[in-house]
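Here the structure is laid out as structure tokens; the discussion comes afterwards.
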Amino acid sequence: MTHPAQPKASHFINGAYVEDTSGTPIPVIYAATGEQIATVYAATPAIVEQALSTAKAAQKEWAKMTGTERGRILRRAADIMRERNHELSVLETYDTGKPLQETLVADATSGADALEYFGGLAGSLTGEHIPMGEDWVYTMREALGLCVGIGAWNYPTQIACWKGAPALACGNSMVFKPSETTPLCALKVAEILHEAGAPAGIYNVIQGMGEVGAALVTDPRVDKVSLTGSVPTGKKVYAAAAAGMKHVTMELGGKSPLIIFDDADVENAVGGAINGNFYSSGQVCSNGTRVFVQKGIKEKFLARLAERTGNAILGDPMDEATSFGPMVTENQMNIVLGYIEKGKEEGARLICGGKRADMDGFFVEPTVFADVTDDMTIAREEIFGPVMSVLDFDTEEEVIARANDTEFGLSAGVFTNDFSRAHRVIGQLEAGSCFINSYNDAPVEAPFGGVKASGVGRENSKEAIKHFSQVKSVYVRMGDVEAAF
Ligand code: NAD
């Protein structure tokens, strides 16, 4: 019998599901059991061509609609997503293995927030009038054209919406390629946008590995590329886009610092560290995986952290009581286990976890290492799993320097009850998305993105509009033209 997660077809192009089984088969494995639940096929050159030509042709008419009309469609799509939240959350859980307890509140709901927010903004995108004496300049905020979105596997619905919603609000069309690891959810986003009234061809989804992504990025018809992925992929995609002088948004990896001062509320700091390391089993780009704890509260912090981490419920992700799911794939599990071994070898002190959980599926126990030093591998490289490194520090000045000593710059957090210190420290941290006495909140109203190797551009908020549109300026002369001859 066909599994309920099996999509009708692999691709969604020009308002309909499209299949081409001559592409490379991509098995979809449910991370909680290891069973294959679906198959999709990578886009062939013919499918890539169909998606790009369709999206290119559809864009001009879409851009001619008023922003209010476009916005109404996006907001209708948000409503449909919310109505279908349970079904979409179950699919997200099949796609990623994340527990339903999380997906019910963090995925389709966050996608719907983006559709609603950018749908609301679409009618207010205007230019300026700039007086020049009797003459004037006016500016027009125009669409970029055809945008490509490429997703990572940790938030397949959210990423499809965070890229699609601002792109469409500004009058662009999109071809979205989900991660080959989680190909299912973006198809639902396309289907829902179509049901909400998006014209055929405006939002298309095609499947495939890196080479399909590369074919999209290098196509001369594409005006913008928005990637969520790792730093090595980001460097390749940025370079390929630069060759065609395309606009880019790069949402890449991190190794973010979470700094906990002696005067912090310990329960809240422990809660922040748990949210910043173990949500989605640690597969979150903005995670605060280097937890710097001032020496005065170190042992108290570690004791409560171990106690509360012991309350994680590992199990069937479809059981709403489960609070901690598996790694997305067996490969990712093995990468994480490899880092745990490195941590042990290099002399970090294991506080809890530290091994594969004794159950079916790709579960790794939530793991905390203490006495981690700046040079250890687990403190330097992005692990993308449930491995928290706790490092000690003495002074504010010292911790700022150490926190910034990384190629990454996605996020940073500070826990302290001294508000002057909180703002002073945050002001000096090299990161794009920061938190004071909190961690990992990502509301659509706030800009999200990194500095340094963690990325270029911003998603969400009004900032995202700047990255999916461009300004045309028009000088209007009222009098005669003066010329030298
Ligand atoms: P990845 O870099 O392996 O792949 C990302 C996407 O790029 C996939 O769809 C992949 O098929 C595609 N791709 C690979 N090579 C390509 C190429 N040459 N041209 C075009 N596309 C190509 O990343 P992943 O393993 O799927 O995701 C994990 C990474 O993503 C982590 O580093 C994580 O930090 C990062 N991430 C960042 C954010 C953010 O918003 N900053 C969010 C989630 C994940």
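Just one residue in the set Lys466, Lys472, Lys462 is surrounded by fewer than 17 Cβ atoms within 10 Å (Cβ to Cβ), of a type outside the set (Val, Ile, Thr) and touching a Leu at 6+ places or on another chain (Cβ under 9 Å); that residue is Lys462.
Considering Met245, Met209, Met318, which residue is more than 28 Å from Val336 (Cα to Cα), open to solvent by 10 Å² or more (accessible area, probe 1.4 Å) and of a type in the set (A, V, I, L, M)?
Met245
If you go through the stretch 265-296 and keep only what is open to solvent by 10 Å² or more (accessible area, probe 1.4 Å) and either among the aliphatic types (A, V, I, L, M) or without any contact (Cβ under 8 Å) to a residue 40 or more places away in the chain (or both), you end up with Val266, Glu267, Gly271, Ile274, Val284, Gly296.
If only residues of the stretch 426-459 that are open to solvent by less than 20 Å² (accessible area, probe 1.4 Å) and of a type in the set (S, T, N, Q) are counted, the one that is nearest to Ile130 (Cα to Cα) is Ser433.
Candidates Phe408, Phe435: the one that is of a type in the set (Phe, Trp, Tyr), assigned to a strand (DSSP E or B) and in contact with a Ser or Thr (Cβ under 8 Å, 6 or more places away or on another chain) is Phe435. Answer with yes or no whether Val205 is more than 10 Å from the ligand (Cβ to nearest atom) and within 24 Å of Thr181 (Cα to Cα). Against the criterion (more than 10 Å from the ligand (Cβ to nearest atom) and within 24 Å of Thr181 (Cα to Cα)), Val205 qualifies. Against the criterion of being within 16 Å of the ligand (Cβ to nearest atom), in contact (Cβ under 8 Å) with a residue 24 or more places away in the chain and over 18 Å from Gly276 (Cα atoms), Arg380 does not qualify.
For the stretch 383-394, does any single residue satisfy the condition of being farther than 28 Å from Ile159 by Cβ and charged (D, E, K, R)? Checking the stretch 383-394: at least one residue is farther than 28 Å from Ile159 by Cβ and charged (D, E, K, R). The criterion of being within 11 Å of the ligand (Cβ to nearest atom), in contact (Cβ under 8 Å) with a residue 40 or more places away in the chain, within 21 Å of the chain's Cα centre (by Cα) and not in a loop (DSSP other than H, G, I, E, B) does not hold for Val248. Considering the conditions (1) more than 22 Å from the chain's Cα centre (by Cα); (2) within 15 Å of the ligand (Cβ to nearest atom); (3) within 19 Å of Gly254 (Cα to Cα), Gly343 is excluded by exactly one of them, (2). Close contacts from the stretch 354-374, counting a first residue that is at positive phi and a second that is open to solvent by 50 Å² or more (accessible area, probe 1.4 Å) and hydroxyl-bearing (Ser, Thr, Tyr), with Cβ to Cβ under 8 Å and a gap of 6+ residues or different chains, come to Gly361/Thr33.
The values are calculated or read from the model by the stated rules, or taken from the named source; none is laboratory data. Every value quoted in this text rests on a predicted model; they were computed, and no experiment measured them. All Cβ positions, glycine included, derive from the backbone under ideal geometry; neighbour counts span all protein chains shown. Note: areas computed on protein heavy atoms with side chains; ligands, DNA, RNA excluded. Shrake-Rupley method; radii C 1.70, N 1.55, O 1.52, S 1.80 Å.
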